[in-house]
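Novice: Following this message is one structure expressed as structure tokens.
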Ligand SMILES: [Zn+2]
Ligand SMILES: [Zn+2]
């Protein structure tokens, strides 16, 4: 935990201020002006995930990262845009209660809705005018 504290803080800060759910490559670009090498970004992100400080989002186009954990995601299959989805706690409790009794120790819920976002839908269903 003591190691690379400055880099950890920088990466957390970048994730806090950029709500774009960056991939590791995008994260490297975002911190490129902060003098953090690519290998350090990879290593730091891995340890932040292990320590449950940041969240991995598994999408069809790869892994994205998010600092906030109180929500889920909608992934647009056309433009790859990720939108935050906030679910009522009751919905989550319902899902968890549906699990068998030997599967109750849930640590993370990696829930991604995959579909077409509104702006892509507009384009495809009405065509070019
Ligand atoms: Zn879209
Ligand atoms: Zn998010």
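All of the numbers you see were taken from the coordinates with simple rules; none came from a lab. From a predicted model like this one, the values you see are computed outputs, not experimental measurements. Here Cβ is always computed from backbone atoms with ideal geometry, including for glycine, and neighbour counts include all displayed protein chains.
Novice: With labels modelled as points extended 7 Å from the Cα through the Cβ direction, what inter-label distance (nm, one decimal) is found for residue 111 paired with residue 26?
Specialist: Those two pseudo-labels are separated by 2.2 nm.
Novice: What share of the DSSP beta bridges in the chain is antiparallel, in percent to the nearest 5?
Specialist: Working: 10 of 14 bridges.
Counting only bridges with both partners in the chain, antiparallel ones make up about 70 percent.
Novice: Specify the residue with the greatest mean-square fluctuation among 34, 104, 78, computed from a Gaussian network of the chain linking alpha-carbon atoms under 10 Å apart.
Specialist: Of 34, 104, 78, the Gaussian network model singles out 104 as fluctuating most.
Novice: I've got another one for you. Going 7 Å from the Cα of residue 87 in the Cα-to-Cβ direction, what parts of region 38-63 have a backbone nitrogen less than 18 Å from that spot?
Specialist: 55-60
Novice: Let me ask something else about it. I'd like the projected area of region 5-126, averaged over all directions, using the convex hull of its alpha carbons. Report it in nm² with one decimal.
Specialist: On the way: hull surface 37.8 nm².
Averaged projected hull area, Cα only: 9.5 nm².
Novice: Relative to a virtual label point 7 Å from the Cα of residue 118 in the Cα→beta-carbon direction, which members of region 64-87 show backbone nitrogen distances below 19 Å?
Specialist: Only 72-87 pass the distance filter.
Novice: Given the -39500 (n - 2.57) contribution per DSSP H run of 4+ residues, what per-residue ellipticity at 222 nm results for the chain, rounded to the nearest 500 deg cm²/dmol? Mind dumping the intermediate values first?
Specialist: On the way: 5 runs with 51 residues, N = 129.
When only DSSP H runs of four or more count, the value is -11500 deg cm²/dmol.
Novice: Quick one: among 47, 101, 119, which has the greatest mean-square fluctuation in a GNM of the chain with alpha-carbon springs under 10 angstrom?
Specialist: For the chain, modelled as a Gaussian network with Cα springs under 10 Å, the answer is 101.
Novice: Next question. Can you work out D for region 51-117 in µm² s⁻¹ from Stokes-Einstein, where Rh is the Kirkwood radius over C-alpha pairs, the temperature is 25 °C and the viscosity is 0.890 mPa s?
Specialist: Working: Rh = 13.2 Å.
Diffusion coefficient, whole number: 186 µm²/s.
Novice: Taking 8 Å as the Cα distance limit and 6 or more residues as the minimum spacing, I'd like the relative contact order of region 5-126 as a percentage. It would help to have the intermediate numbers written out before the result.
Specialist: Working: 127 pairs, mean separation 27.1, N = 122.
Taking the mean separation of contacting Cα pairs over the length of region 5-126, I get 22 percent.
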